[in-house]
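Notes follow the structure.
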Amino acid sequence: MKYVVGNWKSNKNEMEIRDWFMEFSKLWRTRPVSAECTSILCPPDIYLSLCSKLIREYSLPLLLGAQNISPFGMGSYTGEVAASQVREYAQFVMVGHSERRNHFNEDASTIDAKVKLAKKADLRPILCIQGLDTPIPPEVSIVAYEPVKAIGTGKAEESSEAEAVAEGIRSKYRIEAFLYGGSVDENNVTSYMHEQMIDGVLVGGASLEPLKFWNLIQRSLNKS
Ligand code: PGA
């Protein structure tokens, strides 16, 4: 199974999201895609419900993920969204993105708590790691390797280097899927998909445009 995960970060308002879906569904209808690729969109939490409605309305084979969850359950935690609340709309959650580690001081114990809560709520965590040294809790089955210098810079890591990291991680941990992220676009996606140990990509900037995201999915499926 291949994965294409779109991370919208703190981008888009309601109108832009409606436009994105309208455009994306037009593209999708011109060439429907088999279930071979798990395509996951991670919008800001506040739009998860809208996106889930639009996915149903347009009958799109897209799944949803949150970009983060609370390290606590439901309760008196002002400003936080609990895993079980996210689960009403999403099937996945990203945990430990480097932007959260850097701007919100997330450490290994916070990340561990989030992974456990995700699993308890039946949300599949996609753990973002920055290299071979990032600890991976045993509950994690999908890992996204995102070298910090490649994120949003247009300087994607060579697929052979990412493959070497995939090999290192797979020799230490039993994971189901290894994704690469960091300046992936429609032009370089196939190089990652052709690697033996890489199952998919986590995409920021290029997921914001429906045509680019659609191309990414189409080209991911060209791996034979
Ligand atoms: P990018 O972001 O594709 O814009 O480099 C990737 C990410 O941060 O998940």
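We did not get these values from a lab; they are worked out from the coordinates using the rules stated. Here the structure is a predicted model, which is why all the values come from computation and not from measurement. Quick reminder, even Gly has a Cβ in these numbers, built from the backbone with ideal geometry, and neighbours come from all protein chains shown.
Remarks
- Whole-Hz couplings from phi, Karplus 6.51/-1.76/1.60, listed for the range 7-23; x for Gly and Pro: 10, 7, 6, 8, 10, 6, 10, 4, 4, 5, 5, 4, 5, 4, 5, 4, 5
- Share of alpha-carbon pairs per 5 Å distance bin for the range 171-224, given as whole %: 4, 21, 31, 22, 12, 7, 3, 0
- Space enclosed by the convex hull of the alpha-carbon atoms of the range 47-142, per residue, Å³: 109 Å³
- Mean-position separation - Cα centroids, the range 1-76 and the range 158-224, in angstrom: 18 Å
- Per residue, the average separation of C-alpha pairs within less than 8 Å and at least 6 apart gives the chain a relative contact order of 22 percent.
- Ser171 versus Asn187: modelled label distance in nm, points set 7 Å from Cα along the beta carbon direction: 3.4 nm
- Percentage relative contact order, the range 1-123, counting C-alpha pairs under 8 Å, at least six apart: 23 percent
- Cβ crowding within 10 Å, taken as a proxy for footprinting-reagent exposure, orders Leu63, Leu117 from fewest neighbours to most as Leu63, Leu117.
- Gaussian network model of the chain, Cα within-10 Å springs - most flexible of Leu50, Leu123, Leu208: Leu50
- Ranked for footprinting exposure by Cβ neighbours inside 10 Å, fewest first, Lys212, Lys53, Lys114 give Lys53, Lys212, Lys114.
- Qualifying trypsin sites (Lys or Arg not before Pro) in the range 160-201, DSSP loop, other Cβ atoms within 10 Å at most 15: Arg174
- Sequentially through the range 192-202, phi angles give Karplus couplings (6.51, -1.76, 1.60; θ = phi - 60°) of 6, 5, 7, 6, 4, 9, 9, 9, x, 9, 10 Hz, Gly and Pro residues having no value and appearing as x.
- Kirkwood's formula applied to the C-alpha pairs of the chain gives a hydrodynamic radius of 17.5 angstrom.
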